[in-house]
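The values are calculated or read from the model by the stated rules, or taken from the named source; none is laboratory data. What you see is a predicted model; the values in this text were computed from it and never measured. Using ideal geometry, Cβ is built from the backbone for each residue, glycine included, and neighbour counts are taken over all protein chains shown. Each accessible area value is taken on the protein alone, full model and side chains, heavy atoms only, with ligands, DNA and RNA left out. Shrake-Rupley method; radii C 1.70, N 1.55, O 1.52, S 1.80 Å.
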Amino acid sequence: MTGTRTAGTRSTGLPLALVLVCGAAVAVGLGVYAKTHPPALRPLFLVGFSGMLQLKTWLATAALVLVLVQLATALWMWGRLPAAGPAPAWVPPVHRWSGSVAFVLTLPVALHCVWSLGFVTTTPRVLAHGLAGCAFYGAYAAKMLGLRLPRLPGWALPVLGGTVFALFLLVWLTSALWFFSRSGVPLF
Ligand code: HEM
């Protein structure tokens, strides 16, 4: 999130509509691919982990830590941490880099979810996970596009950023937390 918009810049509904349509297209496209392609049911790579579940859970959890850094730095930049005072100059780069690294960490995870397993609807948890995963990438695409478009309403970026955060939390709660809470599964 880069934050500031030039004072007096007029916002129209068109850039916002474009951002939302692009985000929806990404989410729906991912969901359609996940639903229609035959699941490979095997990992592509394990990079030292004992299984696909372990790889996905730990990378997703590392991403969650960075996403929490994102939340804290976003609140600081937008003046929502009054006790901390104005955000120092290092906060915006930390926000950008933690977000970029978190996003990159989600890619091998989602690749394994979508390519290896697909869109599964067998239980409410797994259905919610797949829906939130697709919506997460749609919201992320919308936010990245929103950062680059002028004339977006001032509330749009915080709302898009908050949506990305909430969706990632839901993805993590419906997958990694569930994995950690299961007894008898080797964690590494
Ligand atoms: C930010 C993106 C995503 C992350 C971080 C993520 C993370 C995870 C993790 C850690 C697991 C392992 C725990 C488990 O098996 O429940 C998992 C499983 C799974 N994921 Fe994802 N996922 C993402 C996106 C998606 C998407 C887009 C889909 C499908 C549309 C999907 C479908 C699945 C399925 C079907 C499982 C197996 C669930 C089960 O049978 O228990 N995931 N995911």
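Here are some residues: P158, P108, P124. Which one is out of contact with any strand residue (DSSP E or B) (no Cβ under 6 Å at 6 or more places or on another chain) and exposed (fewer than 15 other Cβ atoms within 10 Å of the Cβ)?
Only one candidate passes the filter, namely P124.
Would you confirm whether any residue within the stretch 68-86 is at positive phi and more than 10 Å from the ligand (Cβ to nearest atom)?
Yes, the stretch 68-86 contains at least one residue that is at positive phi and more than 10 Å from the ligand (Cβ to nearest atom).
Pick out the one residue from V114, V47, V19 that is farther than 25 Å from W155 by Cα and crowded, with 19+ Cβ neighbours inside 10 Å.
V114
Could you please give the count of residues in the stretch 137-155 that are part of a helix (DSSP H, G or I) and either open to solvent by 20 Å² or more (accessible area, probe 1.4 Å) or within 12 Å of the ligand (Cβ to nearest atom) (or both)?
The qualifying residues number 9.
Residue by residue through the stretch 78-109, note down the ones that are basic (K, R) and assigned to a helix (DSSP H, G or I).
Scanning the stretch 78-109 gives a single hit, R96.
Take V94 and decide whether it is more than 9 Å from the ligand (Cβ to nearest atom), open to solvent by 30 Å² or more (accessible area, probe 1.4 Å) and within 12 Å of the chain's Cα centre (by Cα).
no
Which residues, taken from the stretch 117-136, are touching a Leu at 6+ places or on another chain (Cβ under 6 Å), in a helix (DSSP H, G or I) and more than 7 Å from the ligand (Cβ to nearest atom)?
Scanning the stretch 117-136 gives A132, A135.
Select from the stretch 161-172 the residues that are more than 18 Å from L59 (Cβ to Cβ) and either open to solvent by less than 30 Å² (accessible area, probe 1.4 Å) or outside any helix (DSSP H, G or I) (or both) and list them in ascending order.
The answer is G161, and nothing else.
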